[in-house]
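Here is the structure we will look at.
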Amino acid sequence: MKYRVLGRTGLRVSVVGVGTWQFGGEWGKTFDQDEVNAMFAAARDCGINLIDTAECYGDHLSEALIGAAIEGQRDQWVLCSKFGHHFHGPFNRTEPRSPQDLVTQTEASLRALRTDHLDLQQYHSWGDDRFFDDDVLATLQKLQQQGKVRHIGNSVSSNTNVKQVAASDQRGLQTIQIIYNRLDRAPETTTLPICQQQNLGVLARVPLASGYLSGKYQVGARFDQGDVRSRQEAAQRDQRIAQAQQIIAAEATPGVPVAQWALAWCLQHPAVTCVIPGCKDVAQVRGNAAAADLDLVRDDHPQAR
Ligand SMILES: NC(=O)c1ccc[n+]([C@@H]2O[C@H](COP(=O)([O-])OP(=O)(O)OC[C@H]3O[C@@H](n4cnc5c(N)ncnc54)[C@H](OP(=O)(O)O)[C@@H]3O)[C@@H](O)[C@H]2O)c1
């Protein structure tokens, strides 16, 4: 594993983390505790120390599975969660966003994760209208003073939201979580330069383009109803898969599992601290961790430590 500093948080994080939306049951699979325990044992064995979760991956379900899996090892993990949604059932959420909602959700996250603090608490895809609410920010800062939240970040909805990313410094936010992968390079000319200017830690999410950059899907692939990918319009999905296949054929490193190449590709960018691929089993955790060994992940990256 290789490690980088997560911008101004000063946290030393593995370049590959574990994304855990999958545990909430919206990716065509339910998880039992033994399986999740095995995934985090494997992650730890590979040197992974960063976990990205959220309040609405199930109703704090992903957090509860993680909390049980890593109990007794709290100091070995960097736990990142989010706030601003309430999960009522698969693909059915509301957006409670008052200061009191923030406190209630953070307390519920701490209980589920079996911890007294989050290393990173992130705005979860807020629109500009609510994001700039000073009362919410003041409440976050109070949670910070109480030690319940160590650092504050923003998981932006649109990866070109220059307005929110540029406001990070002034609002005391230290990290950005953003969609970035070989199929979606829009942040390179919009938001990533701002992250560099402000020394923000960057978590690249959806780094495998929802799995299409793993190379295993062909045009015409169909997904079960309980898998979020079934909700994409079929023609649009096919177009994305076709685009991914073309890129893989032209650019992927021969002899290397395609998913590993795709993750290492993201980690080349000087602004990107880590990737957080969503994982569904031990083999994916181990395979993704191995991306850190590729030459594309350079030792002279500006955040390397
Ligand atoms: N608004 C937000 O804040 C937000 C939004 C989206 C995601 N996120 C975070 O970012 C994480 C990553 O995004 P994502 O899960 O949407 O997309 P992703 O990481 O691009 O794709 C995840 C999917 O890729 C497949 N996969 C993973 N590793 C693989 C491997 N080694 N080989 C082959 N296939 C592999 C798995 O699905 P199959 O095996 O079924 O193909 C997995 O479900 C999430 O888990 C979540 O933590 C945050």
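Rg and Dmax over the alpha-carbon atoms of the stretch 126-249 stand at 17.7, 52 Å. Here the ratio of the Cα radius of gyration of the chain to 2.2 N^0.38 Å is 0.93. Its residue count N fixes a reference of 2.2 N^0.38 Å for the stretch 250-305, and the Cα radius of gyration divided by that reference is 1.11. Computed from label points 7 Å out along Cα-Cβ, the spacing between Arg44 and Gln144 is 3.0 nm.
For the stretch 250-270, the residues whose amide N sits under 18 Å from a probe point set 7 Å from the Cα of Gln218 along the beta carbon direction are 250, 258. Divided by 2.2 N^0.38 Å, where N counts the residues, the Cα radius of gyration of the stretch 9-163 comes to 1.01.
Mind giving me the FRET efficiency for Ala304 and Arg185? R0 is 30 Å, r the Cβ-Cβ distance, nearest 0.05 is fine. So, using R0 = 30 Å, E works out to roughly 0.85.
Extents of the stretch 3-54, largest first, come to 36, 22, 12 Å (Cα atoms, principal axes, whole angstrom). The ellipsoid equivalent to the alpha-carbon distribution of the stretch 65-134 has semi-axes of 24, 14, 10 angstrom, derived from the gyration tensor eigenvalues as √(5λ) and listed largest first. Remark: for residue pairs Lys29/Lys148; Lys82/Lys280; Lys29/Lys216, the C-alpha separation exceeds 29 Å in Lys29/Lys148. Packing order of peptides 185-197, 107-119, 28-40, highest average first: 107-119, 185-197, 28-40 (average count of other Cβ atoms within 10 Å over each peptide's residues). In a fully extended conformation the segment linking Arg286 and Thr94 would gain 65.7 nm over its present Cα-Cα distance, using 0.36 nm per residue.
When only the Cβ of Lys, Arg, Asp and Glu is charged (+1, +1, -1, -1), the dipole of the chain relative to its Cα centre reaches about 400 debye. Using the average count of surrounding beta-carbon atoms within 10 Å as a protection proxy, the listed peptides 150-161, 171-182 rank, highest first, as 171-182, 150-161.
Only the coordinates and a few stated rules stand behind these numbers; no lab work does. Remember, predicted model here, so these are calculated numbers, not experimental data. Counting neighbours? That spans all protein chains shown, and the Cβs are built from the backbone with ideal geometry, glycine included.
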